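Here's the structure, in structure tokens; my notes come after.
The values are calculated or read from the model by the stated rules, or taken from the named source; none is laboratory data. Computed from a prediction, not measured in an experiment: that's the story for all the values here. Ideal geometry is used to build each Cβ from the backbone, glycine not excepted, and the neighbour counts take in all protein chains shown.
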Amino acid sequence: MNEQPRVLIDTDEEIDGLVILTLNRPDKKNALDQQMVDALHQALEPLETDPTVRCLIFRGAGDSFVAGADIAQLRERRAADALEGVNQQIFRRIAEFPTPTIAAVQGWALGGGCELAIACDLRVCSENARFGQPEVGLGIIPAAGGTHRLARLIGLGHARELIFTGQIIDAEQAQRWGLVNRVAPQDQWFEEARKLGRKICKNAAGAVRLAKSAVNQAADLDEAERDQLECRYQAICFDSTEKMERMTAFLEKKKK
């Protein structure tokens with residue numbers, strides 16, 4: 001029997017520019033193993049340079065997002081493996097994807113699954129979603145971006161609590177702490193993610209890409225450098241065809 005691909009790629013037929021990546025290991029609750037990491041790299045490579053891609057949604061097959069990393073593989077890894085940053089590299093690639101990314105989460109998003117979700121720009125989850133960084137209970141740390149992305153997203157206090165205790169929180173608490181943007185009923189969670197993707201895709205693609213780049217770079221710059229970056233990116237927008245066409249259409253519509 002041929003093994004199913006670890007990652008499925010679909011183009012949303014109703015929303016131009018929306019691409020859906022499904023992590024496809026439902027029998028293991030989509031636990032991240034080396035094959036899935038390799039498949040994600042392979043899937044992202046052509047999408048990164050495809051100008052028609054306006055938004056990317058990550059979801060899990062079955063009843064969970066990603067329950068964590070594959071523990072059987074983790075147990076066999078040693079110091080040299082940790083220094084290679086296998087999961088760290090793929091999550092950084094997702095964080096730096098040129099267009100906005102959305103994690104559509106149902107069920108478990110633990111360990112590496114939580115780190116994947118917070119590597120995305122936005123998170124929409126179902127009421128049954130559960131988030132956590134339980135690594136310390138297994139003798140390791142969240143080392144695929146969890147210690148710094150989580151702190152930036154929900155603040156040091158909440159991040160420390162999640163990481164030091166290894167506790168798992170529900171969707172309501174995740175939203176209260178700012179970990180997720182939207183919580184939807186269990187039968188509507190993915191449609192809610194698509195609605196968010198649709199709002200992104202209807203905007204000027206070039207402007208959205210530049211806005212994401214500016215937001216991502218801001219943390220590493222001082223105030224003057226942030227201002228300069230915004231001016232440079234705005235200069236690109238001002239001379240773009242998209243800006244001229246959209247503003248002209250707005251003004252002509254207003255005249256009617």
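Descriptive notes on the structure:
- Helices (runs of 4 or more DSSP H) wholly inside segment 1-119 containing at least 1 residues that are over 19 Å from Gly145 (Cβ atoms) and among the hydrophobic types (A, V, I, L, M, F, W, C): 34-48, 71-76, 79-84
- Taken over segment 40-79, the residue count meeting the criterion of being surrounded by 19 or more Cβ atoms within 10 Å (Cβ to Cβ) and on the phi > 0 side of the Ramachandran plot is 1.
- Among the numbered conditions (1) in contact with a Gly (Cβ under 6 Å, 6 or more places away or on another chain); (2) modelled with pLDDT under 95, the only one that Gln133 does not meet is (2).
- Pairs are defined by a Cβ separation below 7 Å, a sequence spacing of at least 6 or placement on different chains, a first member in segment 22-49 that is in contact (Cβ under 8 Å) with a residue 24 or more places away in the chain, and a second member that is acidic (Asp, Glu) and surrounded by 14 or more Cβ atoms within 10 Å (Cβ to Cβ); the pairs so defined are Ala31/Asp70; Leu32/Asp70; Asp33/Asp70.
- Selection status of Arg92, in the same structural domain as Glu45 (by TED's automatic domain parsing), within 28 Å of Val215 (Cβ to Cβ), in contact (Cβ under 8 Å) with a residue 40 or more places away in the chain and touching a strand residue (DSSP E or B) at 6+ places or on another chain (Cβ under 6 Å): no
- Taking the listed residues Ala119, Ala109, Ala129, the one that is more than 9 Å from the chain's Cα centre (by Cα), surrounded by 23 or more Cβ atoms within 10 Å (Cβ to Cβ) and under 21 Å from Lys195 (Cα atoms) is Ala129, with no other qualifying.
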